[in-house]
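Worksheet for the structure shown next.
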Amino acid sequence: MGKQVLDQTEERDGPPRGLRTIASTAMPLPSIPGHALVTRRVIAEEVRRVALSSYGVVGIGGRGPATALFGQLTRSVPGVRVSTTPELDIDVYLSIALGLPVAQVAQNVADQIRYALRTSLGREPAAVRIHVERVRPPAVVRPGRGATR
């Protein structure tokens, strides 16, 4: 059954303004050929977001003040290296929570990064390498004091 909409145009030879029935099936838009440019920084920020939201990851590499200053000067994303020539290669430097299986957390992070890039970019990375820099206890939140380590 079609939708009924109010016809806002006045037709001289046809019926006066009123309700008319239109088809409710929508035609897909034709695809327009072209390409999109995605920078390495955008890819690195997406990888960082996915890695930090993964279970067992408590931090990402390059947290020192020198690294932060260097990252601002070079506009790089700390803890993530992206190479796009000849294929998409990604290196991620993580800190993982103490008491969790490190290999399993690293594999889960790599799988989630592959999935996120495949769905958002439509491109499969050739290699996703996870480097575990530290294994440390997760941040503990104490009432009234905030997070401590």
Task: All positions within the stretch 85-125 that are among the aromatic types (F, W, Y) and modelled with pLDDT of 95 or more - done: Y115
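Going through the stretch 83-117 one residue at a time, which ones are part of a strand (DSSP E or B) and within 17 Å of G56 (Cβ to Cβ)?
V92, Y93, L94, S95, I96, A97 - these are the residues of the stretch 83-117 that are part of a strand (DSSP E or B) and within 17 Å of G56 (Cβ to Cβ).
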- [ ] Could you please find all residues in the stretch 116-135 being over 18 Å from V105 (Cβ atoms) and surrounded by 15 or more Cβ atoms within 10 Å (Cβ to Cβ)?
- [x] L117, L121, P125
TODO: Hey, can you tell me all the residues within the stretch 71-82 that are part of a strand (DSSP E or B) and either of a type in the set (A, V, I, L, M) or modelled with pLDDT under 90 (or both)?
DONE: V80, V82
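Is it the case that G62 is surrounded by 17 or more Cβ atoms within 10 Å (Cβ to Cβ), on the phi > 0 side of the Ramachandran plot and at pLDDT below 90?
Yes; evaluated as a whole, the condition is true for this residue.
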Task: Answer from T21, T39, T25 - the residue that is of a type in the set (V, I, T), modelled with pLDDT under 75 and either closer than 30 Å to I130 by Cα or loosely packed, with under 10 Cβ neighbours inside 10 Å (or both) - done: T25
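The values are calculated or read from the model by the stated rules, or taken from the named source; none is laboratory data. What you are looking at is a predicted structure, and each value in this text was computed from that prediction instead of being measured. Methodologically, a virtual Cβ is constructed for each residue, glycine included, from the backbone with ideal geometry; neighbour enumeration extends over all protein chains shown.
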